[in-house]
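These notes concern the structure reproduced below.
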Amino acid sequence: MSVKITMVGTGYVGLVTGACFAEIGHQVICVDKDEKKINNLNQGIIPIYEPGLDELVLRNIRNGRLKFSTDVKTSSSERDAIFLCVGTPPHPETGAADLQYVYAAAEEVALGLDGFTVVVTKSTVPVGTNRQVFGILSKYGNLKNSLAVASNPEFLREGAAITDFMEPDRVVVGVENDRAAKLMREIYEPIVAASIPFVQTSIESAEVIKYAANGFLAVKLSYINEVSDLCEVVGANVSDVAKGIGLDKRIGSSFLRVGPGWGGSCFPKDSMALHKTAKDFGVTMRLIESAIIANDERKLSMADRVKKYCGGSLQGKRIAILGLTFKGQTDDMRESPSLVIIPQLQREGAIVSAFDPSQPEGIDDLLPGITISSTPEELCVNADALVIMTEWREFRSYDYANFAKSMNCKVAIDLRNLLDEKSMQMAGFDAYHRLGE
Ligand code: UGA
């Protein structure tokens, strides 16, 4: 059955989810206040970097299932479901999720509602928010009997979002109204039909699931990063350790890749918000707090590591950074470890240049004083060390022998354990350092 859906907020989550809903047969309107963005989208110009999204958007614009608008009120009338996908940025001091955009969207949606509509929160919101949204919507006329709310957290990863939508591990819906529950199942039917679990819970449980999932993954990453430091001093190898523990089904092998610290628009924000919510409710959550602290310290310790491998001083050293974004296959710089590590290298006197395949925007403001190279070859000329910061897939197939030739010191520091020691030696590197070995 085709469901009439409106996505309020055409950022990363709203656009990917809206395009995917259209792809599985629903009639979708994606709304955003940003007129330029909507005009561009109407012409098929995509504001974000996500593999496969352009074709998906274009195909569904052409087949008439995907439309774009700047008008929330009109786009909220005669719809079966309205998904709130606006941002919930962290408060700069407390780390709490800022809900002003969610509540403002709910107010605007309420003005357009008619007929039975489910207002679904997709934005990552702390426990209790959906009931607040219901309260806002219920203020308007006699809506109370013709609307329901649902919490439907998203688990998409940047760079793999379309596959994550089409083949999720599960769909989670917090809903307490039978008619709304039936509609939510209909929306996801083309996906869950293929034996994907549809987890229906209370609204509060769904809200907690999102934070508990991201928090757990953040703890898992900080844990393996700390295990990696231990491996290094006791002569163990973290890749073997990760394999050895990950094959235990209770632990699982994913999210055990060591790195320079976790970043992105979700883990840092959500782990802080989880910690804040727990604190507000008088609950002690030491693990998430420790994971945050360990991650902050990890990023800085990566700069110490570069200094150590450059002979104990970075004064006047030319450091070449391969990859700037928070992970590979994205142009997203939010909370990227590079934003902490590079300024620390500069404070120690290093001259930093960088290359990133996605050529992220705004680097001059984010990382003042660094030189951006247009190719990895150019990056390596006269460098005293090459630092692999991001796990871009294409980094595996670069011609490192060619890079080594033009370097001043043939030192490579791999903060993602992406390459292999033997081939780096054969490529002419005198030293190749990995994490946790
Ligand atoms: C994350 C979650 O994985 C998604 O399920 C969730 O929907 C999303 O947040 C969100 O809340 O919106 P994302 O931020 O796109 O997705 O990035 P991840 O692929 O999860 O990576 C997060 C960070 O962990 C990156 O800095 C990455 O480099 C790092 N990481 C990940 C590792 O260092 N090692 C790993 O094994 C995996």
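The values are calculated or read from the model by the stated rules, or taken from the named source; none is laboratory data. A quick note: this is a predicted structure, and the numbers were derived from the prediction, not measured. Neighbour counts are summed over all protein chains in view; Cβ atoms, including those assigned to glycine, are modelled from backbone coordinates with ideal geometry. These accessible areas exclude ligands, DNA and RNA; they are computed on the full protein's heavy atoms, side chains included. Shrake-Rupley method; radii C 1.70, N 1.55, O 1.52, S 1.80 Å.
Laid out as a table, the results:
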| quantity | calculated |
| --- | --- |
| Protection-proxy order for peptides 85-92, 120-127, each taking the mean of Cβ atoms within 10 Å per residue, highest first | 120-127, 85-92 |
| Solvent-accessible area, 1.4 Å probe, carbon plus sulfur percent, for the chain | 52 |
| Cα centroid of segment 352-382 to Cα centroid of segment 153-196, whole Å | 39 |
| Amide H contacts of MET407 (H built 1.01 Å from N, under 5 Å, at least 5 apart or other chain) | ASN382 |
| Cα-projected label distance for GLU297 with ALA213, points at 7 Å along beta-carbon direction, nm | 3.0 |
| Per-peptide average of other Cβ atoms within 10 Å, ordering 401-412, 321-332, 377-388, 157-168 highest first | 321-332, 377-388, 401-412, 157-168 |
| Computed E for GLN359/LEU58 - FRET, C-beta separation, R0 22 angstrom, nearest 0.05 | 0.45 |
| Gyration tensor over alpha-carbon atoms, the chain, equivalent ellipsoid semi-axes in Å | 43, 24, 20 |
| Of all DSSP beta bridges in segment 25-131, antiparallel share, percent nearest 5 | 10 |
| Computed [θ] at 222 nm, deg cm²/dmol, the chain (DSSP H ≥ 4; -39,500 (n - 2.57); rounded to nearest 500) | -13000 deg cm²/dmol |
| Contact order normalised by residue count of segment 153-312, Cα under 8 Å, 6+ apart, percent | 19 |
| Hz values of 3J(HN,Hα) by residue in segment 156-173 - Karplus curve (6.51, -1.76, 1.60), Gly and Pro given as x | 6, 9, 4, x, 9, 5, 5, 5, 4, 6, 6, 10, x, 5, 6, 10, 10, 9 |
| Tensor-based shape of segment 320-437 (alpha-carbon gyration tensor, a/c under 1.5 rounded, otherwise prolate or oblate) | prolate |
| GLN425 paired with ARG396, simple spin-label distance in nm, labels 7 Å along Cα-to-beta-carbon | 2.2 |
| Efficiency of FRET between SER374 and ASN408 - r from beta-carbon atoms, R0 30 angstrom, step 0.05 | 0.90 |
| Extension gain from SER195 to PHE281, taking 0.36 nm per residue of separation minus the Cα-Cα distance | 27.3 nm |
| Percent of beta bridges antiparallel (DSSP, the chain, rounded to nearest 5) | 5 |
| Label-point gap, in nm, between ILE251 and ASP169 - each point 7 angstrom along Cα→Cβ | 1.6 |
| ³J(HN,Hα), Karplus 6.51/-1.76/1.60, whole Hz, each residue of segment 426-431, x for Gly, Pro | 5, 6, x, 7, 6, 9 |
| Solvent-accessible heavy-atom area per residue, rounded to whole Å², over segment 250-386 at 1.4 Å | 46 |
| Peptide ranges 25-32, 224-231, 238-245 listed from the most packed, as the mean C-beta count within 10 angstrom indicates | 25-32, 224-231, 238-245 |
| Rounded to whole Hz, the Karplus (6.51, -1.76, 1.60) HN-Hα couplings of segment 64-70, x for glycine and proline | x, 8, 10, 10, 10, 8, 9 |
| Amide H partners (placed H, <5 Å) of VAL120, local residues excluded | ILE82, PHE83, LEU84, ALA150 |
| Long-range amide H partners of TYR432 with built H, under 5 Å | ALA412 |
